[in-house]
Amino acid sequence: MTYTAGDTALARPEEVTPARPEKTRRAGWWPFIVPAAALVVAFFTVPFLLNLRFAFTDWSGYSDAIAFNGLDNFRSLVDQDILWQAIKVTLLYALLAMIIQNVFSLSMALALQRTTRTNGFFRSFFFLPVLIAPVAAGYIWGAILAPNGTLNNVISLFHDGFDYAWLGHGTSALVSLAFVDAWKWSGLITLVYIAGLNNIPESLVEAAMVDGANAWQRFWRIRFRLLAPAFTFTVVVTMLGAINAFDLVAATTRGGPGTSTMVLNIAMFNQYGGGFFGVASSLSLVVTVLVIVLGLPLIAFLRRREVEG
Amino acid sequence: MKRFRQAIAVAAVLALTACSANNSGNSGGSGSGVKADGTATVKAKELTIWSSSADAPYVRNAYKTFGEKFGVRINLVETPADDLNYIQTKWAGGDRPDLLEYHATALFWSLNPAANMIEMSNMPYVKRSGVIYDEAGSFDGKIYAAVTVGPGQFGMYYNKKVLAAAGLSAPRTYADLENICTTLKQKAPGVAPIFEAGGSQWPTQQQIIVYLASIEKAQAYTGQLLAKKATLADPAGPFVAALTQYKKLQTMGCFNKDATTAKNESSFQALADGKAALLPQNTSSLSSLKAVYGDDIAKTSAAIGWSTPSVNAPTAAWSPSYNGTWYVPKTGNADRESTALAFIQWITGDGYPAFLKETGRFAVLSGAEAQMPPGIQQEFARTYAGDKSMAFNANLVGFSAQFPVLMTGLLSGQYTPAQVGELAQKSLEQGAKAARLAGW
């Protein structure tokens, strides 16, 4: 936004100061950029460029020599049924985690929106998992979801001898992990939604009531539309966060059974452990590209929706 | 322009969240030129040792004794026993200990020993070690490891009471295993004939190693695979046959119900409680088994037996012990390198008899007599004295990175035996190329 002389029309004449020359104003912005730019260069640009280079080399622990090998790393990953499988699992996991997390969080936000003592207690209660380390959460849920774990014990009260291995079958393992991820982060996303809901003018909702809108219509046509900025933030954060999943998966299934829950970062971890650093870099590059390729259009779409909605 | 700036800013933030690999260069070690010929002396006051978090007590006692005897302060850094990434990460970043406890299998090749470790081919202990370095602790004909503890064996622990109650004896072949499974399912339906710990991934390899032991002995299967005279992907080959047999046992209901999720830690208790009859394991896990019996070896031996069934005939699949296998990395510090070599000289020389006694294992160095404790360890000695071969996967470079993953895929039904064979061959190819093996 650029201020013009007209913007100061309400000020008293003696308070009006002449605008600084355009050149001076332009020169003044850069010191504010330096800290952020330095961080981005140090922790993103340099590692990213290095990674970009190593992703196309045969760098490994077996030799000091590092040579350009074109697309060999990617070919090897395809041959070993790792690349497409890990991308597929990562995207499925991210989509599931994003949907489950947002549905849970929005529901909780609607239930806990009003600031009361009871709601305050539950907000804090549901926020507790956010404070637990993901690895610890993984171990806890690993025990809960075991065939003889707490979940099956509860189900056994209604269905005798129920001993399904939730983490022992590909589909249920992936869905279970998405639920655990939702459990872990929903408390935080709920707070974002509550803040968004509290920013909606109550007069709009009241006007809709006067016009005869029912509860669903008030939610869907007013509140949900006006939640768009919060929705943009939560969808992007949950989706891209899930694409970077590692610790929770490592602590529960280690990517198994087989490769059913092998997200890209777990595949990268395995390759790194084998001393195949170039191949691990290739997988790291895939994660980066995936985040950018998915993130930018998603943000653009959701931002447009904010305006149109 | 404004939109472009926003896009750049967003892209930078997004990429920052995605950027995860820290690819610092592997500087390697330069070495100080200290002679590794048995003439090294203690020169440093401190020694940094990377040693397994699952070390047996005798390993830690060895450090303590050496430190006290020679006035060297031991700076011990524990490395997670089942996490290769920990050492790889530190190593790739140029971090080196003075002494490294590590695998003597092909896994150590990924630390680039030629560039990063002191060659110990001329150390006095090598001549007293028999032929062990033909298959372990060496790379490209040069010896880098000091293996001081008798090898471990893959086989199966069995619950004596459970088998005896069903009128069964210890298995010798896979036909015996099928028979045990069928009989137990009839006579003791609550008992899992074989305990599988798929939730920990790595234990799933053991049944395949056990199956292939007699084939490895008969036809040197590993050598054929590395020479490209055989392939793991061969649908009629031994590897796919082993996987098919494994799947058959699972289909017959021979594994515990929670085979895909059970953890290794719970397997010993299940065996002791009689919930499982057989437990595929390595003899190195005896301390975990003993812990269930209050560290009482007599009680353990009374309840649990050891056998080494294989496809055709009993054969022990041995692998060099991680505990007590040391390397001396090149650090460039002459005093520290000399002191680390002095430790190797001491543990394989003057300190060896007491160390051997404490390990309770066979002697791997001549000149000292092992005093085997009674009980199950004598069964270990008996199976090792019989037919044996090195675990088939020990020197299949790169293979172990994916093998446990593929095995749990087989267990869960994601892959067929033939698919595992094909994918395993691909991972072997990846490792062999990385290690620049001839012909790959």
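The values are calculated or read from the model by the stated rules, or taken from the named source; none is laboratory data. In this text, all values refer to a predicted model and were calculated from it rather than measured experimentally. No Cβ is skipped: glycine too gets one built from the backbone with ideal geometry, and neighbour counts run over all protein chains shown.
In region B:151-160 there is no residue that is under 30 Å from B:Gly349 (Cβ atoms) and touching an Asp or Glu at 6+ places or on another chain (Cβ under 8 Å).
Yes/no matrix, rows are residues, columns are (1) in contact with a Lys or Arg (Cβ under 8 Å, 6 or more places away or on another chain); (2) over 20 Å from B:Gln378 (Cβ atoms); (3) surrounded by 17 or more Cβ atoms within 10 Å (Cβ to Cβ):
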residue	(1), (2), (3)
B:Leu212	no, yes, yes
B:Gln219	no, yes, no
B:Gly237	no, yes, yes
B:Leu249	no, yes, yes
B:Thr260	no, yes, yes
B:Glu265	no, yes, no
B:Asp295	no, no, no
B:Ser301	no, no, yes
B:Ser307	yes, no, yes
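Checking each residue of region A:176-196 against the condition of being within 14 Å of chain B (Cβ to nearest Cβ) and on the phi < 0 side of the Ramachandran plot gives at least one match. Under the condition of being under 27 Å from B:Lys127 (Cβ atoms) and touching a Pro at 6+ places or on another chain (Cβ under 8 Å), the residues counted in region B:370-386 number 2.
The residues in region B:395-406 that are in a helix (DSSP H, G or I), crowded, with 24+ Cβ neighbours inside 10 Å and not hydrophobic (A, V, I, L, M, F, W, C) can be counted, and the count is 1.
Among the conditions (1) assigned to a helix (DSSP H, G or I); (2) acidic (Asp, Glu); (3) within 14 Å of another protein chain (Cβ to nearest Cβ), the only one that B:Glu196 does not satisfy is (1).
Would you confirm whether or not region B:283-293 contains a residue that is over 29 Å from B:Tyr63 (Cβ atoms) and at pLDDT below 95? Scanning region B:283-293, I find no residue that is over 29 Å from B:Tyr63 (Cβ atoms) and at pLDDT below 95, so the answer is no. The residues listed here are A:Ile266, A:Ile299; of these, the one that is at the interface with another protein chain (Cβ under 9 Å from one of its Cβ atoms) and either modelled with pLDDT under 90 or out of contact with any strand residue (DSSP E or B) (no Cβ under 8 Å at 6 or more places or on another chain) (or both) is A:Ile299.
For (1) hydroxyl-bearing (Ser, Thr, Tyr); (2) in contact with a strand residue (DSSP E or B) (Cβ under 8 Å, 6 or more places away or on another chain); (3) outside any helix (DSSP H, G or I), each residue gets a yes or a no:
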| residue | (1), (2), (3) |
| --- | --- |
| B:Gln269 | no, no, no |
| B:Pro280 | no, yes, yes |
| B:Ser285 | yes, no, no |
| B:Ala291 | no, no, no |
| B:Ala298 | no, no, no |
| B:Ser301 | yes, no, no |
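For region A:253-263, the candidate set comprises residues that are within 7 Å of chain B (Cβ to nearest Cβ) and among the hydroxyl-bearing types (Ser, Thr, Tyr); within that set, the residue that is farthest from B:His103 (Cα to Cα) is A:Ser260.
Inspection of region B:119-133 finds a residue satisfying the criterion of being outside any helix (DSSP H, G or I), closer than 13 Å to B:Pro329 by Cα and not β-branched (Val, Ile, Thr). Just give me the residues in region B:69-108 being surrounded by fewer than 15 Cβ atoms within 10 Å (Cβ to Cβ), within 14 Å of another protein chain (Cβ to nearest Cβ) and of a type in the set (D, E, K, R), in sequence order. Within region B:69-108, B:Asp82, B:Asp83 qualify. Being of a type in the set (Phe, Trp, Tyr) and assigned to a loop (DSSP other than H, G, I, E, B) is a property that holds for A:Phe162. Would you mind stating whether B:Ala164 is part of a loop (DSSP other than H, G, I, E, B) and closer than 28 Å to B:Asn264 by Cβ? Spelling it out, it is not the case that B:Ala164 is part of a loop (DSSP other than H, G, I, E, B) and closer than 28 Å to B:Asn264 by Cβ.
Here B:Pro329, B:Pro314 are screened, and the one residue that is modelled with pLDDT of 95 or more and surrounded by fewer than 23 Cβ atoms within 10 Å (Cβ to Cβ) is B:Pro314. Within region B:134-153, if we keep just the residues that are in a loop (DSSP other than H, G, I, E, B) and β-branched (Val, Ile, Thr), the residue that is surrounded by the most Cβ atoms within 10 Å (Cβ to Cβ) turns out to be B:Thr148. The residues in region B:407-424 that are more than 7 Å from chain A (Cβ to nearest Cβ) and buried (at least 22 other Cβ atoms within 10 Å of the Cβ) can be counted, and the count is 5. The residues of region B:375-434 that are within 21 Å of A:Tyr62 (Cβ to Cβ) and of a type in the set (Lys, Arg), listed by number, are B:Lys426, B:Lys433. Residues that are more than 28 Å from the chain's Cα centre (by Cα) and among the aliphatic types (A, V, I, L, M) within region A:180-212 comprise A:Leu204, A:Val205, A:Ala207, A:Ala208, A:Met209, A:Val210, listed in sequence order. Quickly run through region A:272-290 and pick out the residues that are out of contact with any strand residue (DSSP E or B) (no Cβ under 7 Å at 6 or more places or on another chain) and more than 7 Å from every other protein chain (Cβ to nearest Cβ). Correct list: A:Val279, A:Ser282, A:Leu283, A:Leu285, A:Val286, A:Val289, A:Leu290. Residues in region A:35-68 that are surrounded by fewer than 18 Cβ atoms within 10 Å (Cβ to Cβ) and in contact (Cβ under 8 Å) with a residue 60 or more places away in the chain: A:Leu52, A:Ile66. From the list A:Ile87, A:Ile100, the one residue that fits, being more than 9 Å from chain B (Cβ to nearest Cβ), under 20 Å from A:Ile243 (Cα atoms) and touching a Phe, Trp or Tyr at 6+ places or on another chain (Cβ under 8 Å), is A:Ile100. Given the criterion polar (S, T, N, Q), modelled with pLDDT under 95 and not in a loop (DSSP other than H, G, I, E, B), identify the matching residue among A:Thr118, A:Thr90, A:Thr2, A:Thr17. Result: A:Thr118 is the single residue among A:Thr118, A:Thr90, A:Thr2, A:Thr17 that is polar (S, T, N, Q), modelled with pLDDT under 95 and not in a loop (DSSP other than H, G, I, E, B). Can you name every residue in region A:80-90 that is free of Cβ contacts under 8 Å to residues at least 24 places away in the same chain and buried (at least 17 other Cβ atoms within 10 Å of the Cβ)? Once the filter is applied, which keeps residues that are free of Cβ contacts under 8 Å to residues at least 24 places away in the same chain and buried (at least 17 other Cβ atoms within 10 Å of the Cβ), region A:80-90 yields only A:Gln80. For region A:29-58, the tally of residues that are at the interface with chain B (Cβ under 8 Å from one of its Cβ atoms) and assigned to a loop (DSSP other than H, G, I, E, B) stands at 1. Would you call A:Ala207 out of contact with any Gly (no Cβ under 9 Å at 6 or more places or on another chain), farther than 26 Å from B:Gln201 by Cα, surrounded by fewer than 21 Cβ atoms within 10 Å (Cβ to Cβ) and modelled with pLDDT of 90 or more? Against the criterion (out of contact with any Gly (no Cβ under 9 Å at 6 or more places or on another chain), farther than 26 Å from B:Gln201 by Cα, surrounded by fewer than 21 Cβ atoms within 10 Å (Cβ to Cβ) and modelled with pLDDT of 90 or more), A:Ala207 qualifies.
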